[in-house]
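A quick write-up on the structure given underneath.
The values are calculated or read from the model by the stated rules, or taken from the named source; none is laboratory data. Predicted, not measured: the structure shown is a model, and the values here were computed from it. Because the Cβ atoms are built from the backbone with ideal geometry, glycine has one as well, and the counts that use them run over all protein chains shown.
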């Protein structure tokens, strides 16, 4: 098969935004320029394909964005794109703009949308995993995860100041509806006493035992990191149970870190990863790849079919959980 | 009257902790050393006076703490100190340790406690305002306010990334149960569209008008900063009302910044202020001052009787509110 | 005299850039919009007036810049503007664009240029002090000073980690060719042992004595903050003299912080100050003010004739130097 | 062979300090406690072994250090330890304290010292790579590298503000005497136009061409990242050559980032890595490992003989250099 010639490539961001998306857009656009391809930016995710919000870009469109959180192309969830009719409209605009391929940056939902479009119409698509949760199969890290964990660690460092000064027990909820990656990494790094994640059905008794143990050692600051999706329910619920059990022994406080975790200047790692994936996504399209997500495995570029990337879940690193248990004694 | 000779001075932190308290402790201790006075650290606020947790310090006790949040002396609220008997116990320990004076770092409650002790027993006390809320009469700034507002601004900068990328309306609750200083300063600095504070009984209609106005201008990111003590109730309540009024026009989100605001490395300003107040507190005791809070007014050291400091409230700067209104158009 | 009607106001930044300039530009532009005045941005300082790089702005021209360092209008030093002919050209462009007034943001040189232009041609000009050095007479603080001192303090906090771990003596050069404000504020806040500034002709003997003293106390980390303009010459010169005197007793290191001090996200304070000054500058023009710099004195808006602002120097706060001496024992 | 029983393990840091060393010390100490081994801290590196500065530690010795830069055990280079006599003295103290094994944290020199000691005396030693340069064979990352690159990127983000505002060409020297890892990672992440490293003998002509090219595109900010060990000599030399070639076309500036790169709060990654390596080092000793450095390869724990770790050099990732070239167009 003769290699397709790529004259125009579109790029969009979809789903929740993540730090590093701008660095990835920049790398896609600059790689296009490098390979004499004209880059097109699609605004507001798949909605922009449907509404024909597709604009020509060049190297200067992406200047001074590598260090910015969020996404200059904006992001949105598109209900219309979930319908055949919506994707038909998108396809018509793709044809109108003569785009030869697409790079989509986002998470699970983004890749499902890409799969649907790619199966119905002749457009090669390559995906870049951009989500702070790190919950995508086929890559060691997703864009935004490194930044988000550092944001959490900085916030918990601040809370520790107060926890220590007042001998308080803090429950800190971090993002992660289905995956505990943020909780485990930031929990170890913040020196928390306990980490509760969706992957483990540790009941609250385990927490009680840990509190009994540290209480005997007169440890003054106690930080419990709880992933959103933990099976013991909300942090408020946990706080209530501790109060019922321990009464006044602990002064408890709850903090939900919330949306600060999604934003912020991307870390060095996230920018380097974004730059690698952006360049490789354009090269993958040029080499005839389609319907694949691009990621890294053991520091090397790795491809995963959208089908697999969206159906499988990455595994929690049991070694890290073991480390957390040993050093939180 | 012959000047009292000061051989030993005690220092304690009480009430909620604030960044800069450690820098103030350091300045008190080092000033004592400079003036050949032996400094004593009291642990856990007034409780430590009652429990005789009073330890000799020297220059090396305060090394490498100027940049740390929290307080190495710890802080606590003491119920026993609110009783005459509790203060009697404290007084006995003060006599036992031969302390000639006390420096207390904290807020309203701290100064009320100092007043009670000072009126019942012969111990000169000087107070240093340490609270992130800036709600103390008699000083331009309290320790921790500058750090807390910067923490808020950094957090809101991150949220803006997401707000902009998704065209969302964010309600962000910041600390300030009785005072809107944090909200006003950080709201202006973060470029928020609206600031709601306890001092102003702007009803929610004002917010609605502002939303109508910005909506017509197609402004994409909308940030509403709400002080804890705002009279329209919680941020969740505000969100509900906006949803009722505007339906789907706005995608709303709520973030409660919470305890991250209390911690963190103090800013340059807070460290400089802490250093000045710490030195001046020791000198004020030496000069015969008692029952006064030390602060700054127009960059000069200023004394306020505890009585006045605890009864009056600092005024909100109307000029700043005017500025906020003009530039949030 | 009938008040002049202002339809169009130009704004420019000139001289070295400073964090907070963008926040000031934003406030000027938004105040104009608020008062139904059309704002014009002049690119590259006075050079842009000469080259007619003058563009209409509106509220959206300044979105998402409040938190950015540098200046979106760019800055440059203009040799041609120092000539009568250059200013004549500038004046022609001002007339062509029908600008009724100018807001100029910068330092000494900026105000001297404004004075020359304003004395030769009928254009009211108001200045905003924007320079990290805080060396402008007529205002308590200049834009960028608060950010710069925090940048220095953060850097020195990092260096202290290393200094302490290795028992080293660090000479750290900070900006300040004629003024020691950055050195004094950051030196106190960073807990440095010694601060050398242009205003004091402390000879190197004073440093030697201090080193002898701390050496006897076995202090492990020694940080000496040196303003660029210190009279003992460069930090390398100081290092050499210490080596000659103390031989191997100290392991010395030199760090010149350099240009990182000029950039960065402005602090809360700098953004609030910029917002106040920007609003007030527009209002001052509307009220008929001309040839004045706008600043703050004791938290209130304050006007100073350009003539005075450029001829006088702000005084170093002797109280701060006294504090520094006491706590660096 | 019967497994040796470990009752006492010593830990020390040696060579240049790196962020994450404290987190590693903490993990070693806490793992010891977990496995009922008594941990001993050796002060000031190998010098402390010779001078018998060896102290018993427990879990509370390492509280609140996970987030601190530097090393609480201090570090030093020891000339005496390079002699047989020095090591003999060290060995006597090891026997006196009944240490059954050692964990040494540092770089090349540290491991060479460990090898010498281990070959002459019967003491099992495991090494943890702690150096910001990432120049150790046998591990994907060394402790401190992630923090150092983020520190550089933050600094360059600030410099870019100024570079852009003034259309300047900046030469920024970063650490890396023999290896360009810091330069390449931070150079990509900071969006620099050119990266000069010791591994590549790009002559200055390549830089000239790049400058010609970007000059034609009217790019406004130009950042050149130069590793200390680059073969074109110092950044000042480079600046001079550019001035000779391009005359006034570029306003050039030089910044040497220096020692700020060694300090600072460790990132999430560095703390997680330190925690893993610290736990694994203790377990490795228990399992009979000796004379090996512990690192990670592809996210898994990996052992390398000291001999190999000190003789081989890690390879620069050519893929990253390719990416840098493509996106710096």
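Worth a mention:
- Total residues in the range C:306-321, condition over 15 Å from residue C:178 (Cβ atoms) and touching a strand residue (DSSP E or B) at 6+ places or on another chain (Cβ under 7 Å): 1
- Residue list for the range D:133-151, filter: assigned to a loop (DSSP other than H, G, I, E, B) and within 14 Å of chain A (Cβ to nearest Cβ): D:134, D:139, D:140, D:141, D:144
- The residue that is nearest to the other protein chains (Cβ to nearest Cβ), counting only those in the range D:301-329 that are at pLDDT 95 or above and not in a helix (DSSP H, G or I), is D:301.
- The combined condition, being assigned to a strand (DSSP E or B) and either out of contact with any helix residue (DSSP H, G or I) (no Cβ under 6 Å at 6 or more places or on another chain) or facing another protein chain (nearest Cβ under 8 Å) (or both), is fulfilled by residue B:170.
- Matching entry among B:151, B:110, B:139, B:131 (being within 18 Å of residue B:266 (Cα to Cα), in the same structural domain as residue B:91 (by TED's automatic domain parsing) and either in contact (Cβ under 8 Å) with a residue 12 or more places away in the chain or touching a strand residue (DSSP E or B) at 6+ places or on another chain (Cβ under 8 Å) (or both)): B:131
- Here residue A:53 fulfils each of the conditions (1) within 14 Å of chain B (Cβ to nearest Cβ); (2) touching a helix residue (DSSP H, G or I) at 6+ places or on another chain (Cβ under 8 Å); (3) crowded, with 18+ Cβ neighbours inside 10 Å apart from (3).
Table: residues versus (1) in contact (Cβ under 8 Å) with a residue 24 or more places away in the chain; (2) farther than 30 Å from residue B:157 by Cα.
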{"position": "C:226", "(1), (2)": "yes, yes"}
{"position": "C:235", "(1), (2)": "yes, yes"}
{"position": "C:243", "(1), (2)": "no, yes"}
{"position": "C:249", "(1), (2)": "yes, yes"}
{"position": "C:254", "(1), (2)": "yes, yes"}
{"position": "C:257", "(1), (2)": "yes, no"}
{"position": "C:286", "(1), (2)": "yes, yes"}
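- Candidates in the range C:286-300 are the residues that are within 14 Å of another protein chain (Cβ to nearest Cβ) and in a strand (DSSP E or B); of these, the one that is surrounded by the fewest Cβ atoms within 10 Å (Cβ to Cβ) is C:300.
- Single residue of the range C:247-269 satisfying the filter (modelled with pLDDT of 90 or more and touching a strand residue (DSSP E or B) at 6+ places or on another chain (Cβ under 6 Å)) that is farthest from residue D:169 (Cα to Cα): C:252
- Pick from the range D:13-40, criterion in a strand (DSSP E or B) and either in contact (Cβ under 8 Å) with a residue 40 or more places away in the chain or surrounded by fewer than 23 Cβ atoms within 10 Å (Cβ to Cβ) (or both), ranking: nearest to the other protein chains (Cβ to nearest Cβ): D:13
- Residue list for the range C:157-167, restricted to those being surrounded by 24 or more Cβ atoms within 10 Å (Cβ to Cβ), within 20 Å of residue C:227 (Cα to Cα) and touching a helix residue (DSSP H, G or I) at 6+ places or on another chain (Cβ under 7 Å): C:159
- Exactly one residue out of D:311, D:300 is within 27 Å of residue A:317 (Cα to Cα) and either within 17 Å of the chain's Cα centre (by Cα) or in the same structural domain as residue D:118 (by TED's automatic domain parsing) (or both), and it is D:300.
- Meets criteria (modelled with pLDDT of 90 or more, surrounded by 15 or more Cβ atoms within 10 Å (Cβ to Cβ) and more than 8 Å from every other protein chain (Cβ to nearest Cβ)) for residue A:244: no
- Taken over the range C:248-285, the criterion of being under 17 Å from the mean Cα position of the chain (by Cα) and more than 14 Å from chain D (Cβ to nearest Cβ) is satisfied by C:268, C:269, C:271, C:272, C:273, C:274, C:275, C:276, C:277, C:278.
- Filter result for residue B:31 (more than 24 Å from residue B:118 (Cα to Cα), out of contact with any strand residue (DSSP E or B) (no Cβ under 6 Å at 6 or more places or on another chain) and either at pLDDT below 95 or not assigned by TED's automatic domain parsing to the domain that holds residue B:151 (or both)): no
- Filtering the range D:88-119 to residues that are surrounded by 23 or more Cβ atoms within 10 Å (Cβ to Cβ) and under 25 Å from the mean Cα position of the chain (by Cα) leaves D:101, D:102, D:103, D:104, D:105, D:106, D:107, D:110, D:111, D:113, D:114, D:117.
- Scan of the range C:41-50 for residues that are touching a strand residue (DSSP E or B) at 6+ places or on another chain (Cβ under 9 Å) and away from chain D (no Cβ under 12 Å), ordered by number: C:41, C:42, C:46, C:48, C:49
- Residue that is surrounded by the fewest Cβ atoms within 10 Å (Cβ to Cβ), among those in the range C:137-152 that are at negative phi and within 8 Å of the chain's Cα centre (by Cα): C:142
- Filter result for residue B:58 (under 15 Å from residue B:8 (Cα atoms), within 14 Å of another protein chain (Cβ to nearest Cβ) and in contact with a strand residue (DSSP E or B) (Cβ under 9 Å, 6 or more places away or on another chain)): yes
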